[in-house]
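S.K.: Sharing a structure below in structure tokens format, with a few things to ask.
The values are calculated or read from the model by the stated rules, or taken from the named source; none is laboratory data. This structure is a prediction, so every number in the text was calculated from the model and none was measured. Cβ atoms come from the backbone with ideal geometry, glycine included; neighbour counts cover every protein chain shown.
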Amino acid sequence: MLKIDQICKTYPNGTHALERIELDVNEGEIVALVGGSGCGKTTLLRMISGLERPSRGAVSLDGDVIEAPHPAVGIVFQEARLLPWLTVSENIAFGLDHLPKAQRDKRVDEALLRVGLSGYGQRWPRELSGGQAQRVSIVRALVAQPKALLLDEPFSALDALTRASLQDHLLGLWDAHRPTMVLVTHDVEEAVLLADRAIVLQPRPGRIFADIPIELPRPRDRLSPEFAEAKRVVMNALDGSLSQPSPAKAGRATQPSAGGSF
Amino acid sequence: MSEAGTLDRETTASARPTGARFAVFSSAFTVGLILPLATALLYEAAFRLGLVQARLLPPPSRIIATLWEMAVTGELATHVIATSLRVLIGFGIGSAVGMALGAVTGSSAAARRFLDPTLQALRAIPSLAWVPLFILWLGIFEGSKIALIAVGVFFPVYLGVMGAIANVDRKIVEVGRVFRLSRSALARRVLLPAILPDSIIAIRSGLGLGFMFVVAAELMGASEGLGYLLLDGQQLGKPDQILAAIIAFAVIGKLGDWLIVIASKPFLSWQDTHQRGA
């Protein structure tokens, strides 16, 4: 279980990015962090990844406190961040140095097959489209078989069609090993499509505004009325989080149904 | 630094991949030959027709004859080897020290604050100003010449490598951190490949400056070397010998640059540049 325990983050320049974030993510659960710009959602993700340290509080995975990048936590960034001097296969195998070559090759080939890129192994990253590069970036994180996968607005730079196809790819990949996933997004539809829970953050300083369970069966139909209703609830909470001026009041999660009245 | 800047641009322009398609390479090569060859032929014709006095500017045929003569007697080889060795040793020292110090100041802000101001101040001194001091310290023979060449090579390599390291994308370095690479693994698997393209440009401009300074070093007194041929040709009034030496300089300079390009090519095939396939 991924436990985020009373995290605060203040930068040396005085920016108060996060205030007492408290969040437990169950094993295999997909949680979406939703919020307007400046609400600290990326900061929170970087803290879970161990790339940054909280000013107070701690993040732990199965009781193991995360103080630096952790072998059981993978991350996918907004940009694919492939190493341009490595082939696609070498990029995917980047974190698999500890495995014998045969096993490494096997995992890479399986991964390429699963994201529909078999035959692309020997290509250079520059030869890939944006969507293909992001697929490689996702499997690069997944071949290390992390217990938790963090995604920082992974599809925001892609066109709508590519995004939809990658969201399906991601769910397919998730289904194979069911890692815990934390997804940062500003796209409410994406949150409702993928997540078991949407956490709405409120800016300045970043706090949890609402914790909304999304209990739709998978695969989810974007056109169903239930989907539209869930979207509306999250959207309302998001609107509420942005129009709520006082930082003192809403320190804790409130119920989503109250969202409309803010 | 304007000299190095110009060199830089020239070497970049000639960095276009050549091996991919021989036909493309050879046609580009042929087009480039038209102007010098036509000029040479016109001048030769003017000379044969008695239209020009060739005392100060000998016709191509005479320059070729002089080169041939020096090649046959082995004189040319002696001078080319002497010059190449000086450049090679000076370039080796200058680029090794340049890369080492560039790596240190590029990767550590503390080292940069401590070292870089001094090195930048030294860079502001025209390298030729060191000549009298080097001769006093190291004598008139090889030591002072090699020192001068090394100084000339050092600065472009140092600046290029330092800049390359400082400019490595934080986002790429973060990928290395996420996969928990050790410091040495991060340097080897991420930083080194990331700085390679810029470093090779820096090394190439360093070699260009090495050739510039070997001429200066040999002009200040040498008993062999292409620079000696230049000076000897001036003192004895042999312009054909001067031009032969200049041509030899061009050939070995280009050859040295080409060797670096060829040697680095397998490591740079991943690059995404606008010149690809040109």
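S.K.: Exactly one condition in (1) part of a helix (DSSP H, G or I); (2) of a type outside the set (Phe, Trp, Tyr); (3) touching a helix residue (DSSP H, G or I) at 6+ places or on another chain (Cβ under 8 Å) is false for A:LEU149; which is it?
M.R.: (1)
S.K.: What pairs come up if the first residue lies in region A:152-165 and is under 12 Å from A:GLY130 (Cα atoms), the second is part of a helix (DSSP H, G or I) and among the hydrophobic types (A, V, I, L, M, F, W, C), and their beta carbons are under 6 Å apart, counting only those six or more places apart or on different chains?
M.R.: Final answer for the pair search is A:PHE155/A:LEU166.
S.K.: Within region A:35-69, work out how many residues are at the interface with chain B (Cβ under 8 Å from one of its Cβ atoms) and surrounded by fewer than 22 Cβ atoms within 10 Å (Cβ to Cβ).
M.R.: Residues meeting the conditions: 3.
Residue-by-condition table, conditions (1) touching a Cys at 6+ places or on another chain (Cβ under 7 Å); (2) buried (at least 16 other Cβ atoms within 10 Å of the Cβ); (3) within 23 Å of B:ASP257 (Cβ to Cβ):
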| site | (1), (2), (3) |
| --- | --- |
| B:LEU37 | no, no, yes |
| B:LEU41 | no, no, no |
| B:LEU51 | no, no, no |
| B:PRO59 | no, yes, no |
| B:ALA82 | no, yes, yes |
| B:GLY92 | no, no, yes |
| B:ALA96 | no, no, yes |
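S.K.: Next question. Does A:GLY172 satisfy the criteria of being more than 14 Å from chain B (Cβ to nearest Cβ), under 19 Å from the mean Cα position of the chain (by Cα) and loosely packed, with under 15 Cβ neighbours inside 10 Å?
M.R.: Against the criterion (more than 14 Å from chain B (Cβ to nearest Cβ), under 19 Å from the mean Cα position of the chain (by Cα) and loosely packed, with under 15 Cβ neighbours inside 10 Å), A:GLY172 qualifies.
S.K.: Just one of A:GLY63, A:GLY40, A:GLY36 is farther than 17 Å from A:SER137 by Cα and touching a Ser or Thr at 6+ places or on another chain (Cβ under 8 Å); which is it?
M.R.: A:GLY36
S.K.: Then there's this: Could you check region B:223-254 and list, in sequence order, the residues that are more than 16 Å from B:HIS79 (Cα to Cα) and either in contact with an Asp or Glu (Cβ under 7 Å, 6 or more places away or on another chain) or aliphatic (A, V, I, L, M) (or both)?
M.R.: B:LEU236
S.K.: Which one of the conditions (1) surrounded by 13 or more Cβ atoms within 10 Å (Cβ to Cβ); (2) at pLDDT below 90; (3) within 13 Å of another protein chain (Cβ to nearest Cβ) does B:ALA222 fail to meet, given that it meets all the rest?
M.R.: For B:ALA222, the exception is condition (3).
S.K.: Cβ contacts < 8 Å: first residue touching a residue at least 60 places away in the same chain (Cβ under 8 Å), restricted to region A:111-136; second residue small (Gly, Ala, Ser), any location; separation 6+ or different chain. Result?
M.R.: A:ARG114/A:GLY172; A:ARG114/A:ALA176
Condition check ((1) aliphatic (A, V, I, L, M); (2) in contact with a strand residue (DSSP E or B) (Cβ under 8 Å, 6 or more places away or on another chain)) across all residues:
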| site | (1), (2) |
| --- | --- |
| A:ILE75 | yes, yes |
| A:GLN78 | no, yes |
| A:PRO84 | no, no |
| A:SER89 | no, no |
| A:LEU96 | yes, no |
| A:LEU99 | yes, no |
| A:ARG104 | no, no |
| A:VAL108 | yes, no |
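S.K.: While we're on this one: Could you check how many residues of region A:80-127 are assigned to a loop (DSSP other than H, G, I, E, B) and either surrounded by fewer than 18 Cβ atoms within 10 Å (Cβ to Cβ) or not charged (D, E, K, R) (or both)?
M.R.: Going through region A:80-127 one residue at a time, the tally reaches 22.
S.K.: Kindly indicate which of A:VAL73, A:VAL139 is of a type in the set (Val, Ile, Thr), touching a residue at least 12 places away in the same chain (Cβ under 8 Å) and away from chain B (no Cβ under 13 Å).
M.R.: After ruling out the rest, the residue left standing is A:VAL139.
S.K.: Right, here's the next one. Residue check, B:TRP258 against (1) buried (at least 21 other Cβ atoms within 10 Å of the Cβ); (2) under 30 Å from A:LEU86 (Cα atoms), all met but one. Which one?
M.R.: Single failed check for B:TRP258: (1).
S.K.: Would you mention how many residues in region B:159-197 are crowded, with 17+ Cβ neighbours inside 10 Å, within 8 Å of another protein chain (Cβ to nearest Cβ) and not in a helix (DSSP H, G or I)?
M.R.: Summing the residues that are crowded, with 17+ Cβ neighbours inside 10 Å, within 8 Å of another protein chain (Cβ to nearest Cβ) and not in a helix (DSSP H, G or I) in region B:159-197 gives 1.
S.K.: Sticking with this structure for a sec: B:ILE201 - would you say it is within 13 Å of chain A (Cβ to nearest Cβ), among the aliphatic types (A, V, I, L, M) and out of contact with any Cys (no Cβ under 9 Å at 6 or more places or on another chain)?
M.R.: no
S.K.: Taking the condition buried (at least 22 other Cβ atoms within 10 Å of the Cβ) and over 23 Å from A:PHE77 (Cβ atoms), does B:PHE141 pass?
M.R.: Considered against the rule, which asks whether it is buried (at least 22 other Cβ atoms within 10 Å of the Cβ) and over 23 Å from A:PHE77 (Cβ atoms), B:PHE141 comes out as no.
S.K.: For A:GLY14, are the conditions met, namely being in a loop (DSSP other than H, G, I, E, B), in contact (Cβ under 8 Å) with a residue 60 or more places away in the chain and not hydroxyl-bearing (Ser, Thr, Tyr)?
M.R.: So A:GLY14 fails the test.
S.K.: Can I ask one more? Could you list, in sequence order, all residues of region B:108-130 that are buried (at least 17 other Cβ atoms within 10 Å of the Cβ) and either hydroxyl-bearing (Ser, Thr, Tyr) or over 20 Å from B:ALA202 (Cα atoms) (or both)?
M.R.: B:SER127, B:TRP130
S.K.: Name every residue in region A:177-192 that is of a type in the set (A, V, I, L, M) and either within 16 Å of A:PHE77 (Cβ to Cβ) or surrounded by fewer than 24 Cβ atoms within 10 Å (Cβ to Cβ) (or both), in order of residue number.
M.R.: A:MET181, A:VAL182, A:LEU183, A:VAL184, A:VAL188
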